[in-house]
Each structure stands twice: as C-alpha cells, then as structure tokens.
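The values are calculated or read from the model by the stated rules, or taken from the named source; none is laboratory data. This is a predicted model, so every value here is computed, not measured. All Cβ positions, even for glycine, are placed from backbone atoms using ideal geometry, and neighbour counts span all protein chains on display. When the accessible area is computed, the model is the full protein with side chains, heavy atoms only, and any ligands, DNA or RNA have been set aside. Shrake-Rupley method; radii C 1.70, N 1.55, O 1.52, S 1.80 Å.
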Amino acid sequence: WREGVSYCWHQRDENDPAPTSGEIRQAKAEARKAREQAEAELAEKHIETAKNLKGVFDGLPQADNSNGYLNRKGINPAGDIRQGANGQLVIPVLDGDGNLQSIQQIYPDSTKRFAPNAKMAGGRFILGEIKDGDPIILAEGYATSASIFAAGVGAAVICLFGSFLIEVAADLRS
C-alpha cells in the first residue's frame, strides 16, 4: 500500500469465471448473517458479564481516604466508588442509562484494569449531578475528574479513554 499498489484477493483459481451477481448477493447475505450472529452473542456476553459485575461491585465496601491510589494522587473519594480486597479502587463504568456495564480497577501503583468480556464503548461515570445550564466537564480518568469536581466547577464525567470523549459528549448533549 505504501507504493500505491492494491490487489483484489479472491478465493478462486485465476482461470475460473468471476462470481455471478447471485453468488455475490448470497456471499454478502451469509457474511451479514454471520456478523449479526456474532454481534448478538457479544451483546449477550456483555449482559451476563454486567450482571455478574454488578453483584461483585455491590458487595464491595465504599472507598475511603485510606485508599493507596487516592492518597498517592492527593484526592478524596468522590462518587460511589468502592475498594477491592487488594486495595484497588473500583470504579463503576455506566452506560447512558446509568446501568453498570463494566468496572475499572485502579491499583495503588496506578495500574488500571478493566473487566474482561465487558462492554466498554460509551462507558462513563458521573461525579455530581448534571443540571440544565450548569457546566459539565468531561475528562479521561478518575483522578483528573475527581480533582475538577472537588474544585466545584460542576459535574465531572469520567470518560475512561480519550477516544470515548466525543461519543459520551454527544450522548450527554442529546
């Protein structure tokens, strides 16, 4: 591709006739069906994972000022965050309707881990209350968002990844 050369790969011998329009339609239909089935299976896996994570999250104690990560960052706990058995901060990752879809675990050394098999796209966690006319600050991580929220500027939305900022902003706007 660097040299501007492209090839059209197909699974047939060089001398075989090109596929008919009917064969092309059938291949596209089969590919669409396979993609839809894979998406449905992934959505089901996300639902089951979220259900399991909700039970785990609800059973954890509230994080407090003794948390190693919060101490290292010099911030107080904000929002409904929890603390895991290994001292990690456990932050709920919510969808646009406020339902838990995943969790982020932040360890005292700042190592961050997300739950496997959980949906992350569009995930966020809101500190404070979003009110019409009040500023809403979107940031990538918990420490930044909690610091902004503590400054009293307005609600702070943790978007978890820089690539989620636009999606979450658009969702909040609508």
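Filter segment 29-57 for residues that are under 17 Å from D95 (Cβ atoms) and among the charged types (D, E, K, R); which is most open to solvent (accessible area, probe 1.4 Å)?
Among residues in segment 29-57 that are under 17 Å from D95 (Cβ atoms) and among the charged types (D, E, K, R), the one most open to solvent (accessible area, probe 1.4 Å) is K51.
Quick one: would you say K51 is in contact (Cβ under 8 Å) with a residue 60 or more places away in the chain and out of contact with any strand residue (DSSP E or B) (no Cβ under 8 Å at 6 or more places or on another chain)?
no
Hey, can you tell me all the residues within segment 98-120 that are small (G, A, S) and in contact with a Lys or Arg (Cβ under 8 Å, 6 or more places away or on another chain)?
Result: S102, S110.
I'd like to know if segment 144-155 contains one or more residues that are surrounded by 13 or more Cβ atoms within 10 Å (Cβ to Cβ), free of Cβ contacts under 8 Å to residues at least 24 places away in the same chain and more than 21 Å from D64 (Cβ to Cβ).
Looking for residues that are surrounded by 13 or more Cβ atoms within 10 Å (Cβ to Cβ), free of Cβ contacts under 8 Å to residues at least 24 places away in the same chain and more than 21 Å from D64 (Cβ to Cβ), one finds at least one in segment 144-155, hence yes.
Hey, among N86, N76, which residue is open to solvent by 80 Å² or more (accessible area, probe 1.4 Å) and either closer than 23 Å to A156 by Cβ or in a helix (DSSP H, G or I) (or both)?
N76
For (1) of a type outside the set (K, R); (2) modelled with pLDDT under 90; (3) under 14 Å from the mean Cα position of the chain (by Cα), each residue gets a yes or a no:
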{"residue": "D134", "(1), (2), (3)": "yes, yes, no"}
{"residue": "A139", "(1), (2), (3)": "yes, no, yes"}
{"residue": "A143", "(1), (2), (3)": "yes, no, no"}
{"residue": "I148", "(1), (2), (3)": "yes, no, no"}
{"residue": "A155", "(1), (2), (3)": "yes, no, no"}
